[in-house]
Each structure stands twice: as C-alpha cells, then as structure tokens.
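**Q** Take a look at this one; I'll ask things after.
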Amino acid sequence: MPTDKPRKATPICVLKTSAEYTVQHAQWLAAQVPGIVCLSDVDVPGVKTIPLLHNWPGWWSKMELFRPDLQGDFLYIDIDTVITGDITPLFTVGKTTMLSDFYKPQLPASGLMYISQADKSAVWQQWIKNPASHMQQCRTRDYWGDQGFLRQHLPHQRWDNVLPGQIASYKVHCQRGLPPAANVVCFHGTPRPWDVTKTWIPPYSGNL
C-alpha cells in the first residue's frame, strides 16, 4: 500500500539582479546550501540556473516560483540568509510553510518558505490574471510586497509552530549572540549579512 512518506524539497532562491543583489551574493548562498537552484535573470556560474521568464521588479520575481513549468516541492531561501546549523528538517515538512513576520507575528513573511506542489496552481492562477494590479494593491503596510499577496492566496502553516526556535531574525534575536537552537538566521532589511562580521556568518569577498 502507498505510504505517506515525507517529501524532500528542492532548495531554490531567486536573483533579480540589482545594485543590491548580484551573482556573487547568489553564489555566497549556494556555498551554504549545496544543490540549490537559482531562478535568475542572468547565469550564475557554478549554480544550476533557471531563467526568469517575466520582468517583474524586485521581490515580485519570487512569484515565478509558482510557475506551472516548475514542478515539485521547493524550499525557498532568500539570498540574504545565513545557515548556521542542520537544515535537514526544513526539507521534509511536506506542507506549505511560511515565516511569521518578526515584528508582526500575526502576518506571514516569505523570506523562507516550504512550497508544496499541491498549492502552486491556485496561487499562480490568481496571480497571472493581472500581475500589475496585484503589485499595485499590495503596497500597504500589512500587505506589502509578495508576502501580502501570498497571505491572501497561499494556505500555510508557520515555521515557529513546526520547528520552534530554529529560525531566527538577526535584528530581533541575535543582538546578544546566536541563539543556541537557531539553524537559520534571516536578514530582513539592513544590515545585510555581508555587511556584518560575526564568526557564524560566512565571509563574503565579492568575487566568488
């Protein structure tokens, strides 16, 4: 009989190149997460790269994670993320999972997501009807950006309920040192990890 075994997701990131995010930043993350795939508007040497098909600005390029041609479960990781421990459990949660906003925990955040294949189609069908309109609507404080859209259309659980203590915020949780249980540290806004010197942050040379 079939068994309901945990699924292993493909690690993936999104690079829409800009003055803030470059090929070298994607390579820096890839050095921490072997086998990661990068959705990008440019080739990322040394990293399996899948071309972005739409010219959506900034973080809105993350909506291409839900494209129908990209199959399977994903573990999406923002480029400005630091891996500090064993992330194996993140790959096998088997159900769409989002962050809780570190300042407004009642709201979801999209910097680290397990995206189940089962949930992709409904999100994409809503999004692709009118991307420009969705981008315009998601400009208020509580609905800011892609996570504001996903809040409305992506059923999810939260990492802090599934793996409590394992996902930390640099600004909220790490000012007195790295929390002992943290396996992932999210950098949201400034500073970026490559602008911070800590023993647990991989060095960034800018010419990987």
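The values are calculated or read from the model by the stated rules, or taken from the named source; none is laboratory data. Quick caveat, the model's predicted, so the values are computed rather than measured. Cβ: placed from backbone, ideal geometry, glycine included. Neighbour counts: every protein chain shown. All accessible areas refer to the heavy atoms of the entire protein, side chains included, with ligands and DNA or RNA removed. Shrake-Rupley method; radii C 1.70, N 1.55, O 1.52, S 1.80 Å.
**Q** Looking at L99, L90, L112, L150 in this structure, which one is within 25 Å of P202 (Cα to Cα), among the hydrophobic types (A, V, I, L, M, F, W, C), part of a helix (DSSP H, G or I) and within 16 Å of the chain's Cα centre (by Cα)?
**A** Numbers: L99 fails: part of a helix (DSSP H, G or I); L112 fails: part of a helix (DSSP H, G or I); L150 fails: within 25 Å of P202 (Cα to Cα).
The match here is L90.
**Q** Among (1) at pLDDT below 95; (2) open to solvent by 20 Å² or more (accessible area, probe 1.4 Å); (3) among the aliphatic types (A, V, I, L, M); (4) under 18 Å from the mean Cα position of the chain (by Cα), where does L208 come up short?
**A** (4)
**Q** Is it the case that some residue within segment 83-99 is of a type in the set (D, E, K, R) and touching a residue at least 60 places away in the same chain (Cβ under 8 Å)?
**A** Yes, some residue in segment 83-99 is of a type in the set (D, E, K, R) and touching a residue at least 60 places away in the same chain (Cβ under 8 Å).
**Q** State all residues of segment 126-139 that are modelled with pLDDT of 95 or more and in contact with a helix residue (DSSP H, G or I) (Cβ under 9 Å, 6 or more places away or on another chain); if no residue qualifies, say none.
**A** Q126, W127, I128
**Q** Would a scan of segment 44-61 turn up a residue that is modelled with pLDDT of 95 or more, of a type in the set (S, T, N, Q), assigned to a loop (DSSP other than H, G, I, E, B) and open to solvent by less than 20 Å² (accessible area, probe 1.4 Å)?
**A** No, every residue in segment 44-61 fails to be modelled with pLDDT of 95 or more, of a type in the set (S, T, N, Q), assigned to a loop (DSSP other than H, G, I, E, B) and open to solvent by less than 20 Å² (accessible area, probe 1.4 Å).
**Q** Identify all residues within segment 153-205 that are open to solvent by 60 Å² or more (accessible area, probe 1.4 Å), out of contact with any strand residue (DSSP E or B) (no Cβ under 9 Å at 6 or more places or on another chain) and assigned to a loop (DSSP other than H, G, I, E, B); write none if there are none.
**A** Correct list: P155, P164, R176, P180, T190, T197, T199, P203, Y204, S205.
**Q** On to the next question. Collect the residues in segment 62-83 that are surrounded by fewer than 20 Cβ atoms within 10 Å (Cβ to Cβ) and of a type outside the set (A, V, I, L, M), keeping them in residue-number order. Please lay out each step first, then the result.
**A** Of all residues in segment 62-83, those surrounded by fewer than 20 Cβ atoms within 10 Å (Cβ to Cβ) come to 67-72, 83.
Across segment 62-83, the qualifying residues are R67, P68, D69, Q71, G72.
**Q** Let me ask you something else. Mind listing just one residue for me: the one in segment 99-120 that is more than 25 Å from C174 (Cα to Cα) and touching a helix residue (DSSP H, G or I) at 6+ places or on another chain (Cβ under 8 Å) and, of those, surrounded by the fewest Cβ atoms within 10 Å (Cβ to Cβ)?
**A** K120
**Q** Let me ask something additional. Would you confirm, using the coordinates I've provided, whether S133 is open to solvent by 30 Å² or more (accessible area, probe 1.4 Å), over 14 Å from T81 (Cβ atoms), in a helix (DSSP H, G or I) and among the hydroxyl-bearing types (S, T, Y)?
**A** On the way: open to solvent by 30 Å² or more (accessible area, probe 1.4 Å): yes; over 14 Å from T81 (Cβ atoms): yes; in a helix (DSSP H, G or I): yes; among the hydroxyl-bearing types (S, T, Y): yes.
Yes, satisfied.
**Q** Tally up the residues in segment 13-35 that are open to solvent by less than 10 Å² (accessible area, probe 1.4 Å) and of a type outside the set (F, W, Y), please.
**A** Residues that pass the stated criteria total 5.
**Q** Okay, next question. Restricting to segment 1-20, name every residue that is assigned to a loop (DSSP other than H, G, I, E, B) and modelled with pLDDT of 95 or more.
**A** Hits for segment 1-20 are A9, K16, T17.
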